[in-house]
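For reference, the structure is listed below as C-alpha cells.
The values are calculated or read from the model by the stated rules, or taken from the named source; none is laboratory data. Please read these numbers as outputs of a predicted model, since none were measured by experiment. For neighbour counting, all protein chains shown are included, and Cβ atoms are generated from backbone atoms with ideal geometry for every residue, glycine included.
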Amino acid sequence: MTYYQEQLKNAQWQAMRLKVLDRDRWTCQLCCQSACIEHDHSKPVRLDPETTLTFHVHHTFYRRGRKPWEYPLESLIAVCSECHESETVNLNVSAMNLIQILKENGFTSSNIDELADGIRRLPHLVDDSPFSNSAVLLWCCWEWKTVREMYQNRNRRTEPFSNEEEQEISI
C-alpha cells in the first residue's frame with residue numbers, strides 16, 4: 001500500500017470525502033450517474049440500496065506536500081469510478097493537446113504563463129454562473145489574441161492611434 005493510499009484511510013479525509021459526496025448528492029459530476037434516490041435538494045440524501053456504482057472524490061488539482069484533506073472543498077468533486085479512471089488517464093493527454101493548440105495559435109511559453117496567471121486571478125465561478133471554466137478560458141485566449149493583433153497592427157500602422165484605440169490596447 002502506498003503512502004497516499006494510507007492517507008486516504010485517515011479520518012480527516014474520510015470526513016471530507018463524505019461532505020463532498022453529500023454536497024454532490026452522490027452524483028458523478030462528469031457523467032451524471034447517481035446513486036441517489038431522492039433528487040430534491042431540500043431533502044436529505046437517500047441512497048439506492050441496489051446501486052452498484054462506486055464513487056470516488058476527485059482532486060481537480062494537486063500541490064506537492066499537501067495531504068488529501070488539505071484542499072478547499074471547491075477543488076473536490078464526486079465522480080464514479082469509471083470517470084475517475086478516465087480523468088486520471090486522459091488528463092495529461094488533454095493538457096498536452098491544450099498546450100499544442102495554444103502554441104499553434106502563436107502562444108509562447110511566457111504567454112502561456114501569463115494566461116495561467118490571469119486565470120489564477122479570476123474569481124472562482126459560482127455554480128449558477130452561465131459560464132463554464134472552458135468558456136472563461138476561451139474568452140481569455142480570445143482576448144489575448146485580440147490584444148496581440150492590436151499590438152502587431154500598431155507596429156504596421158503609419159498614422160497614430162486615436163485615444164479610444166490607445167485605451168483599448170492598454171486594457
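Key figures for this structure:
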{"read-out": "Conditions (1) within 11 Å of V79 (Cβ to Cβ); (2) at pLDDT below 75; number of the one not met by C32", "value": "(2)"}
{"read-out": "Any hit, region 101-110, residues being in contact with a Leu (Cβ under 8 Å, 6 or more places away or on another chain) and in a loop (DSSP other than H, G, I, E, B)", "value": "yes"}
{"read-out": "Per-region count, region 63-113, residues over 17 Å from the mean Cα position of the chain (by Cα) and among the hydrophobic types (A, V, I, L, M, F, W, C)", "value": "5"}
{"read-out": "Whichever residue in region 1-22 is aliphatic (A, V, I, L, M) and not in a helix (DSSP H, G or I) and, among such residues, is nearest to C80 (Cα to Cα)", "value": "L8"}
{"read-out": "Test: residue in region 36-47 that is at negative phi, at pLDDT below 90, over 15 Å from the mean Cα position of the chain (by Cα) and of a type in the set (D, E)", "value": "yes"}
{"read-out": "For A116: the one exception among (1) surrounded by 13 or more Cβ atoms within 10 Å (Cβ to Cβ); (2) in the same structural domain as W142 (by TED's automatic domain parsing); (3) of a type in the set (A, V, I, L, M); (4) within 14 Å of the chain's Cα centre (by Cα)", "value": "(1)"}
